[in-house]
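Enquirer: Sharing a structure here in structure tokens format.
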């Protein structure tokens, strides 16, 4: 599991999104819906999370957790 | 913590499908990077290698400690070498490979070895536990009750170490309160006195029986105090030796050396010959006679019972003197 420094986090219905500078940690994700260099879309239990930015890429993909890195501009639900 | 990774590349137009497949198969992916339009590179832990066997991934290389360990294990020769190494480490830690005795007396060292042999301790024997070491310690202590002041026994790695200090060196020195007198005539060359009241100085001429180092000193309160006396007084002494042989038809040179050797054989006990001089060499009464004078540097100090110098001296002169 990736541990992020300077953590700020929010919880939506049991899922967790942690944003730390240029990294985003999404826990308990269901499925990756889209992976492009400027957009990553992840399906959660009750909603989808879309992250817009630049040079986005996955630095870890596990069963319950996904960690993204890049210049994050917008995170939308 | 993952110790090793395999690096793979995948050419696919639908990376999302692959990612979800990995999630389904519980495969962890690290550092997924797009290296060209539809080509991705990523890391997978080595222990998950079997799970991705059927993914048709392009293997690039492996990194990490686990990878190097696997390399070692996969090679038969390396594996045997590793096993031999660990077995050797294990065995060498179980047996005594050296017995080291740290002491200053060869005789005691030998006796310690004999005591150890009673306990069947030798190179190649199994290492002893603390209780057994204690027994050996007690036995050695009993055996060397009088001879050893300090004893320690321990195992350092595969070496059994026995340390001891011999008590002989620690014995108190008996002090002597006897004066030192000159045993013969001479000129003082040097004075090596650690205790006592020195009455002569270098280059003084002393006669046989002269008091050299006294056991009395006068304190500041005019009291006479008896102090121990210890030391040596070296002086130049003169001695003449004569050797004779029959005047046969011997070569003169040979005769000289024969007589010289005769004289030298007589003076082996003298501390040091300072100089050697031929006084006379010739025929006297049908005999070849060699007369030599020697200057020695020797310790002329001898101990006496009282301060009365006339009662003390018992001197000995080596050789035939005139």
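The values are calculated or read from the model by the stated rules, or taken from the named source; none is laboratory data. These numbers were taken from a predicted model, which means no experiment stands behind them. Here Cβ is always computed from backbone atoms with ideal geometry, including for glycine, and neighbour counts include all displayed protein chains.
Enquirer: Looking at this structure, is residue B:206 modelled with pLDDT of 90 or more, more than 10 Å from residue B:233 (Cα to Cα) and in contact with a strand residue (DSSP E or B) (Cβ under 8 Å, 6 or more places away or on another chain)?
Expert: On the way: modelled with pLDDT of 90 or more: yes; more than 10 Å from residue B:233 (Cα to Cα): yes; in contact with a strand residue (DSSP E or B) (Cβ under 8 Å, 6 or more places away or on another chain): yes.
Here the answer is yes, as residue B:206 does meet what is asked.
Enquirer: A follow-up question, please. Quick one: residue B:320 ticks every box in (1) under 11 Å from residue B:240 (Cα atoms); (2) buried (at least 16 other Cβ atoms within 10 Å of the Cβ); (3) modelled with pLDDT under 85 except a single one, so which number is it?
Expert: Against the list (1) under 11 Å from residue B:240 (Cα atoms); (2) buried (at least 16 other Cβ atoms within 10 Å of the Cβ); (3) modelled with pLDDT under 85, residue B:320 comes up short only on (2).
Enquirer: Being touching a strand residue (DSSP E or B) at 6+ places or on another chain (Cβ under 6 Å), surrounded by 12 or more Cβ atoms within 10 Å (Cβ to Cβ) and either at pLDDT 90 or above or closer than 27 Å to residue B:12 by Cα (or both) is the requirement here; does residue A:42 meet it?
Expert: Here the answer is yes, as residue A:42 does meet what is asked.
Enquirer: Further question: Looking at region A:59-77 only, could you name the residues that are within 9 Å of another protein chain (Cβ to nearest Cβ), in a strand (DSSP E or B) and closer than 13 Å to residue B:23 by Cα?
Expert: Residues satisfying the conditions are A:60, A:61, A:66.
Enquirer: Sticking with this one: Just for strands (runs of 3 or more DSSP E) wholly inside region B:1-86: which have at least 3 residues that are within 14 Å of chain A (Cβ to nearest Cβ) and closer than 15 Å to residue A:57 by Cβ?
Expert: Filter on region B:1-86 gives B:29-36, B:39-45.
Enquirer: Could you please find all residues in region A:29-57 being outside any loop (DSSP other than H, G, I, E, B), within 11 Å of chain B (Cβ to nearest Cβ) and in contact (Cβ under 8 Å) with a residue 24 or more places away in the chain?
Expert: A:32, A:40, A:42 - these are the residues of region A:29-57 that are outside any loop (DSSP other than H, G, I, E, B), within 11 Å of chain B (Cβ to nearest Cβ) and in contact (Cβ under 8 Å) with a residue 24 or more places away in the chain.
Enquirer: If you take the residues in region B:189-228 that are touching a residue at least 60 places away in the same chain (Cβ under 8 Å) and assigned to a loop (DSSP other than H, G, I, E, B), which one is surrounded by the fewest Cβ atoms within 10 Å (Cβ to Cβ)?
Expert: B:208
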